[in-house]
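J.: Have a look at this one.
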Amino acid sequence: MLHEHKPTIDGRIQALTTNLELLLKHGEEQGKRMDRLHNEIVEYERDMQRFRLALRAGLEAYLGNGDGGKGE
C-alpha cells in the first residue's frame, strides 16, 4: 500500500492564500475591463445622440420643418 502524501496545514493555508491572491488580481483586471467597456458605451451613446440630432436637423431642413416638404 502506497503512503499518500497529505498536505500540511501550512501547505493548505499557503495554497488558499495563493488562490485568494490570484482571484483578487483577476477581479481587479475584470473591474478595469468593465470600466473601459462602460466608458466606451458612454462615448457610443454620446455619438449616437449627436447623430440623431444632426439627422433630425437635416431632415427638418430638407422637409421644411414639418410642412411635408412643400415650403412656405
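Just so you know, all these numbers are worked out from the coordinates, no wet-lab data involved. In this text, all values refer to a predicted model and were calculated from it rather than measured experimentally. Neighbour counts run over all protein chains shown; Cβ positions are idealised from the backbone, glycine included.
J.: List, in order, the whole-Hz ³J(HN,Hα) value for each residue of segment 36-47 obtained from phi through the Karplus relation with A = 6.51, B = -1.76, C = 1.60 and θ = phi - 60°; use x for Gly and Pro.
T.: For segment 36-47, the Karplus-derived couplings read 5, 4, 4, 5, 5, 5, 4, 5, 4, 4, 4, 4 Hz, x marking Gly and Pro.
J.: Express in nm, to one decimal, how much length is gained between THR17 and TYR62 on full extension, taking 0.36 nm for each residue of separation and deducting their alpha carbon distance.
T.: This chain segment gains 9.5 nm when fully extended.
J.: Something else: Could you give each residue of segment 21-34 its phi-based ³J(HN,Hα) in whole Hz, using Karplus coefficients 6.51, -1.76, 1.60 with θ = phi - 60°, and x for Gly or Pro?
T.: 4, 5, 5, 5, 4, 4, x, 5, 5, 5, x, 5, 4, 5
J.: Could you tally the net charge around LEU37, taking each other residue with its Cβ under 14 Å from the Cβ of LEU37, Lys/Arg +1 and Asp/Glu -1?
T.: With Lys, Arg at +1 and Asp, Glu at -1, the net is -2.
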